[in-house]
Amino acid sequence: MIIGIGNVGSTSLKSKIIDINNKNEISVLGEANLDKIKTRGASNFTHRVGDGPLKKEVIRIAGFDHGIKYILKWFVKNGVIESPKDIEAMGFKCVLGEKNGANILSPKILEEMENYLFVAPVHNKPYIETIGVFNRVLDVPMVGVFEPSFYWTIPEYRKISGLPWEWEEKAGIKKHGFHGSSHRYMAAMAYNLMGTENMNLITIHLGGSSSVAAIKNGKAIDTSMSFSPNSGLLQGTRIGDIDGTALLFAMKKLGLSVEQAQDEISNNAGLLGIAGIGTDDMREIIGAAEKENKRAKMAVDLYIDGIRKYIGAFSTVLGSIDCIVFGGGIGEKSILVRERCLEDMDYMGIRLDLARNKDLNGQLGLISSDYSVISKVKLYIVPTNEELVVAHFTKKVVEKGRDLTPEEMIFRL
């Protein structure tokens, strides 16, 4: 089955064409990605055919509608597919709805996503727009693989908060968890690498958006993100965990409406807001910190401190740690971030091999020390592959002709 994958940002569109055969063997036929497509001007267009080199060019294009049509034409022109009609289904890594399984993106499901526009404005709005464009261009099933589906096994008491109980009941406020496809993939890889799923595992997804998950014997039992993507670790442009009264106080003091405050904590906070150098790119923030930029240094320190705290907290939740996996753009490719996240953890049986951490940067591999007296926890870099997870469940939904509940969504490599 040939499946198109749409991975949508507020101003970007990443796409892949994936072929899954009857043995569930997967091959990537091609990929094409555009950024800065919501405004007129130059967009970076990166693309590759099969496992060939990733090429880059600059084009002028604006809007998801034009961007999607441009990408589909590129796939045909470069022999990735003969025609858009070759695509048998489209799969999307959706952030938040109400069913939160693997769902056919019917008008009802899209309406449910709209209900959460305020909770996940950076994600749901561009996804709804993009899905609408694909629906007009391609007459194929559209499937959403929702991020919270991985976390259905978290105990109920960990999903609630200390808010008034009526708020929980009437507003449906509870822990959802996000980056489910990434944590699901990293966990499946860890099971292969460790030879078992019967272990205490921490998966750490670090990128423009970051989170940590605690997984016990193949089931998620906690995660750092809660009701919205504006929670947990410090994010690229979002706040992460925050004192609720501090937010209310700032709104009152600065005369901010609810909508203005939501925009600020979603787009002008996190690493971007703290570092103050006009970007949330961790590479540039680290560079500024190394040049003694005080705010950039604080941003790096706070980000790493949050990750270390969750490693400590989740070791208690799990009872012990057998394995830690790093994935995501920062988790896979930042030597410094991994090193600082894991330093001075001998007392937990965690010791990083500094040479491996450097030599294997960006690659699949073991980076823990072989010094068995102290190093008890296996540490891995695992380049994540959310698209593979989305394609896997998209195929299942299409074959079964119905939605999958979270309980049915088992992914193994």
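Multiplying the sequence separation of E156 and Q260 by 0.36 nm and subtracting their Cα-Cα distance, what value in nm do you get? Spell out each step's value before the answer.
Values: separation 104, 0.36 × 104 = 37.44 nm, distance 3.25 nm.
34.2 nm is the gain from fully extending E156 to Q260.
Any idea what the relative contact order of segment 208-329 is, in percent, if you count C-alpha pairs under 8 Å spaced at least 6 apart? Mind dumping the intermediate values first?
Values: 147 pairs, mean separation 27.9, N = 122.
Contact order relative to length: 23 percent.
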Dipole of the chain, positive direction: furthest Cα of Y371, P84, N135, with charges on the beta-carbon: P84
Per-residue [θ]222 nm for the chain (sum of -39500 (n - 2.57) over DSSP H runs n ≥ 4, rounded to 500): -12000 deg cm²/dmol
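Give me the percent relative contact order of segment 1-135, please, defined on Cα pairs under 8 angstrom at least 6 residues apart.
On the way: 238 pairs, mean separation 31.3, N = 135.
Over segment 1-135, the number comes to 23 percent.
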Label-to-label distance, nm, for residues given as E25 and E284 (7 Å Cα→Cβ offset): 4.4
Summed residue charge, Cβ within 12 Å of I324's Cβ, Lys/Arg positive, Asp/Glu negative: +4
Backbone HN-Hα couplings from phi across segment 20-26 [Karplus 6.51/-1.76/1.60, Hz, Gly and Pro as x]: 10, 8, 5, 8, 6, 7, 10
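Mind giving me the FRET efficiency for M1 and A62? R0 is 41 Å, r the Cβ-Cβ distance, nearest 0.05 is fine.
Working: r = 33 Å, r/R0 = 0.79.
Here the calculated transfer efficiency is 0.80.
Nothing charged except the Cβ atoms of Lys and Arg (+1) and of Asp and Glu (-1): what's the magnitude of the dipole of the chain about its Cα centre? Round to the nearest 20 debye. Before the final figure, lay out each step's value.
Details: 50 positive and 50 negative charges, 113 e Å.
It works out to roughly 540 debye.
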For segment 222-236 and segment 387-412, distance of Cα centres in Å: 25
Total charge dipole magnitude, segment 1-153, about the Cα centre, Cβ charges on Lys, Arg, Asp, Glu only, Debye to nearest 20: 600
Set of aspartates and glutamates near K125 by C-alpha distance (under 19 Å), chain-local residues within fewer than 8 positions excluded: D35, D65, E98, E111, E112, E114, E147, E259, D263, E264
Selected from R340, R40, R238 as most flexible by GNM, with the chain as the system and alpha-carbon contacts under 10 Å: R40
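Segment 264-407: Rg/Rh from Cα coordinates, Kirkwood Rh? Working shown, then result.
Values: Rg = 18.3 Å, Rh = 17.4 Å.
Using only Cα positions, Rg/Rh for segment 264-407 is 1.05.
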5 angstrom amide H check on D222, placed H, neighbours 5+ away: A214
Burial order of peptide ranges 89-96, 346-353 (average beta-carbon count within 10 Å, highest first): 89-96, 346-353
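May I ask you to compute the full-extension gain from L302 to E339, defined as 0.36 nm times their residue separation minus their alpha-carbon distance, rounded to one decimal in nm? Working shown, then result.
Numbers: separation 37, 0.36 × 37 = 13.32 nm, distance 1.49 nm.
Using 0.36 nm per residue and subtracting the Cα-Cα distance, I get 11.8 nm.
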Reachable lysines from K291, criterion Cα separation under 25 angstrom, eight or more residues apart if same chain: K333, K358
Among (1) 37, 27, 20; (2) 31, 26, 24; (3) 36, 21, 20, the entry derived from the coordinates for semi-axes √(5λ) of the Cα gyration tensor in Å: (2)
The chain - percent relative contact order, Cα under 8 Å, separation 6 or more: 15
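Within the set K73/K396; K170/K400; K216/K396; K174/K396, which residue pairs have Cα atoms separated by over 32 Å? Numbers along the way, then the final one.
Numbers: K73/K396 27 Å; K170/K400 34 Å; K216/K396 25 Å; K174/K396 28 Å.
Flagged as over cut-off: K170/K400.
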Centre separation in Å (Cα based) which lies between segment 182-213 and segment 152-172: 25
Euclidean distance of C-alpha centroids, segment 367-384 and segment 3-62, integer Å: 33
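Given Cβ point charges of +1 (Lys, Arg) and -1 (Asp, Glu) and nothing else, what value in debye, to the nearest 20, does the dipole of segment 109-255 about its Cα centre take? Intermediate values should be presented prior to the final figure.
Working: 13 positive and 14 negative charges, 69 e Å.
Its charge dipole is roughly 320 debye.
Considering only the other residues whose Cβ falls under 14 Å of the Cβ of N24, what net charge follows from Lys and Arg at +1 and Asp and Glu at -1? Numbers along the way, then the final one.
Working: positive: K23, K395, K396, R412; negative: D19, E25, E399.
Net charge in that neighbourhood comes out at +1.
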M251 versus E82: modelled label distance in nm, points set 7 Å from Cα along the beta carbon direction: 5.7
Under the span-like rule (Cα at least 27 Å along the axis, Kyte-Doolittle mean at least 0.0), DSSP H helices of the chain: 294-318
Charge context of H47, other residues only, Cβ under 11 angstrom, K/R +1, D/E -1: +4
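We did not get these values from a lab; they are worked out from the coordinates using the rules stated. Owing to the predicted nature of the structure, the values given are computational and were not obtained by experimental measurement. Don't worry about glycine lacking a Cβ; one is built from the backbone with ideal geometry, like all the others, and counts go over all protein chains shown.
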